[in-house]
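What follows is a short report on a single structure.
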There are 4 protein chains.
Amino acid sequence: MSRNIVIGVMGPGDSATEIDIKNAHELGKLIAQEGWILLTGGRNVGVMDAANKGAKEAEGLTIGILPSNHTRNVSDAVDIAILTDLGNARNNINVLSSNVIIACGIGLGTLSEIALALKNKKPVILLSEHQESQQLFKKLAPDLIFIATNTHTTIKQIHNLLKNAK
Amino acid sequence: MSRNIVIGVMGPGDSATEIDIKNAHELGKLIAQEGWILLTGGRNVGVMDAANKGAKEAEGLTIGILPSNHTRNVSDAVDIAILTDLGNARNNINVLSSNVIIACGIGLGTLSEIALALKNKKPVILLSEHQESQQLFKKLAPDLIFIATNTHTTIKQIHNLLKNAK
Amino acid sequence: MSRNIVIGVMGPGDSATEIDIKNAHELGKLIAQEGWILLTGGRNVGVMDAANKGAKEAEGLTIGILPSNHTRNVSDAVDIAILTDLGNARNNINVLSSNVIIACGIGLGTLSEIALALKNKKPVILLSEHQESQQLFKKLAPDLIFIATNTHTTIKQIHNLLKNAK
Amino acid sequence: MSRNIVIGVMGPGDSATEIDIKNAHELGKLIAQEGWILLTGGRNVGVMDAANKGAKEAEGLTIGILPSNHTRNVSDAVDIAILTDLGNARNNINVLSSNVIIACGIGLGTLSEIALALKNKKPVILLSEHQESQQLFKKLAPDLIFIATNTHTTIKQIHNLLKNAK
């Protein structure tokens, strides 16, 4: 059996910056082109929405792990909506279900996901110039945290991490 | 956008009967042949395992919502493993994320899923001759509970329910 | 160390009958008089609210495990509100955290709690004349299900169960 | 009605430093002396265990929100054990259920709790000299994050925060 590879892209919703959105869209597309499944928090805003849209442009498969018990705020580009009704507690599911996690920008929800991922020994790639986050996580989990400066080096890092995990 | 249709097949794990297993395998196959996505509790036993195997024989897509934080007990026939680490609390996610729920056999976990589905106004098809369950749920939720006697009538019921939901 | 004894009283919210409410109020009072802690789903309706009010009349300690992330619908008679933001998935916490569970009346949420309790090997006392539920659960978990006809026999049953658990 | 005030003390388990443990023990005691209820993650290690022990020395009431479905790793000084079986997803319950959250030391789990608390607009007091955490959270949530240098100033801060919340 070769279970599918799932890449989690986490990042801000309403507070995403223009560069976060651009990166997320590119990442979604590149992830789909690699044949990987995209997993996000599934809502129709910010990094989640952009990553899903990018993935669908490249005909990828997209999973959204929603905080709600309804589909009203689900991104149109989510193929499969997992409705958790867990609020922010669903963040732990996001990271447990991904082989590699990418933090595309920084917000409070994203921070909780990075911390939960590292606590679960999952590798995290920070695609963000946010200095304070880089410093904190490089100190707390130097072996599991990776810094990327653009979407293409992010994809290379994912390849390395998947190779090492075999 | 037309988000994919997800059919949840719930049922006993270790305590599944031979007929539950046979029904689950057939159901998985039929669901896949309809182009629907199969959602189960994802473990490598009982109804979950059989339904996933049936779906893969027909090249369907299978989602497993696992109670654990690891993949050791995941059915080989699950394409996408959502690791919740929620124990039985994940049962609520199973039913929220499915358009229609089928109870293929009866056990305590399955009962909790039927009850949670009905509480969330989700239709449930009982594919089981279990009289006590039929009587209880027909009394408590007559408009949402449907009895099926074999896998083919189950598929017909799903079609009816999906048509009415539009 | 002697950790405190927690008795869970589950039952319908808005759909509670007059007799459910009366029983819940009496039960809450009797539980408090025994020096046990009362645990409920915590909302300001039905069995939850009545049990908490009964317990406070006898100066008991009351814990509410709320489905929400806010206190707007919390019973005034809850001393400690645990805000889970888990929706109905919090039902599993209700039963795991109680030494003995009492189903005071029957509804869909209550049914899910009975099923989850039994799945977790927790004893459940049904204080309800609901025949279909009695028959179903006596069949599925004969060693863990107990039928009570009034609040005083319920308290006696709890004493028996606590004694046997030692 | 005046629902009880709950103060959450979060901090590392096995990786707690000596000073974290000392602070946690003092904090637990001071919180109990104020008549507040102590809420922690409930396990029998690190900051959780020390805070609970401190609170019991002053005859306080202690609530533990456990990640497990059993009581084997519960601190002896926890009065009421809420068994969530949610793993680290229970961290969200910890912060939602506390009026004020204190991070007594820093670890990955604690970081997730700080982030989740701030996302839920809950005030957090950092009782830690951990520079990287202070800098990150002062930048991300300046209005909700407070730095304390010892347990006594922490208690003063809690008083201020509770006064402002009225």
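The values are calculated or read from the model by the stated rules, or taken from the named source; none is laboratory data. A quick note: this is a predicted structure, and the numbers were derived from the prediction, not measured. Here the Cβ positions follow ideal geometry from the backbone for every residue, glycine too, while neighbour counts run over all protein chains shown.
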Looking at this structure, is A:Val45 touching a residue at least 24 places away in the same chain (Cβ under 8 Å), more than 14 Å from every other protein chain (Cβ to nearest Cβ) and either over 13 Å from A:Ile102 (Cβ atoms) or aliphatic (A, V, I, L, M) (or both)?
yes
For C:Gly46, state whether it is touching a Pro at 6+ places or on another chain (Cβ under 6 Å) and of a type outside the set (Val, Ile, Thr).
yes
Matching residues in the range B:11-30 - criterion: being of a type in the set (D, E, K, R) and touching a His at 6+ places or on another chain (Cβ under 9 Å)
B:Glu26
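Results for (1) of a type outside the set (D, E, K, R); (2) within 28 Å of C:Leu83 (Cβ to Cβ), shown as yes or no for each residue.
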{"position": "A:Asp14", "(1), (2)": "no, yes"}
{"position": "A:Leu30", "(1), (2)": "yes, no"}
{"position": "A:Leu38", "(1), (2)": "yes, no"}
{"position": "A:Gly42", "(1), (2)": "yes, yes"}
{"position": "A:Ile65", "(1), (2)": "yes, yes"}
{"position": "A:Val74", "(1), (2)": "yes, yes"}
{"position": "A:Ile93", "(1), (2)": "yes, yes"}
{"position": "A:Cys104", "(1), (2)": "yes, no"}
How many residues of the range A:135-166 are surrounded by 14 or more Cβ atoms within 10 Å (Cβ to Cβ) and either in contact (Cβ under 8 Å) with a residue 12 or more places away in the chain or among the charged types (D, E, K, R) (or both)? The answer is 17
Which residues, taken from the range D:97-122, are at the interface with another protein chain (Cβ under 7 Å from one of its Cβ atoms) and either under 16 Å from D:Leu38 (Cβ atoms) or hydrophobic (A, V, I, L, M, F, W, C) (or both)?
D:Ser97, D:Leu108, D:Leu111, D:Ala115, D:Leu116, D:Leu118
Of the numbered conditions (1) in a helix (DSSP H, G or I); (2) surrounded by 14 or more Cβ atoms within 10 Å (Cβ to Cβ); (3) not β-branched (Val, Ile, Thr), D:Lys122 fails exactly one; give the number of that condition.
(1)
Being in contact with a strand residue (DSSP E or B) (Cβ under 8 Å, 6 or more places away or on another chain), crowded, with 19+ Cβ neighbours inside 10 Å and over 19 Å from D:Ala115 (Cα atoms): is that true of A:Val100 here?
yes
Are any of the residues in the range A:60-76 within 18 Å of A:His152 (Cα to Cα), over 13 Å from the mean Cα position of the chain (by Cα) and either at pLDDT 95 or above or not hydrophobic (A, V, I, L, M, F, W, C) (or both)?
yes
Among the residues of the range D:61-77, the number that are over 17 Å from C:Gly64 (Cα atoms) and either within 14 Å of chain B (Cβ to nearest Cβ) or aliphatic (A, V, I, L, M) (or both) is 6
Of all residues making up the range B:20-38, the number that are of a type in the set (A, V, I, L, M) and free of Cβ contacts under 8 Å to residues at least 40 places away in the same chain
4
Quick check on C:Ile5: is it within 12 Å of the chain's Cα centre (by Cα) and either within 13 Å of chain D (Cβ to nearest Cβ) or among the acidic types (Asp, Glu) (or both)?
no
Residues in the range D:83-96: is at least one assigned to a loop (DSSP other than H, G, I, E, B), within 14 Å of chain B (Cβ to nearest Cβ) and not hydroxyl-bearing (Ser, Thr, Tyr)?
yes
Give all pairs with beta carbons closer than 8 Å in which a residue from the range C:82-98 that is on the phi > 0 side of the Ramachandran plot meets a residue that is crowded, with 24+ Cβ neighbours inside 10 Å and at pLDDT 95 or above; count only pairs at least 6 apart in sequence or on separate chains.
C:Asp85/A:Leu86; C:Asp85/A:Asn88; C:Asp85/A:Ala89; C:Asp85/D:Asn92; C:Asp85/D:Ile93; C:Asp85/D:Leu96; C:Gly87/A:Leu86; C:Gly87/B:Asn92
Please find, among B:Leu61, B:Leu27, B:Leu38, the residue that is touching a Ser or Thr at 6+ places or on another chain (Cβ under 7 Å) and under 21 Å from A:Thr62 (Cα atoms).
B:Leu38
On the given criteria, is D:Ala103 outside any helix (DSSP H, G or I), of a type in the set (Gly, Ala, Ser) and modelled with pLDDT of 95 or more?
yes
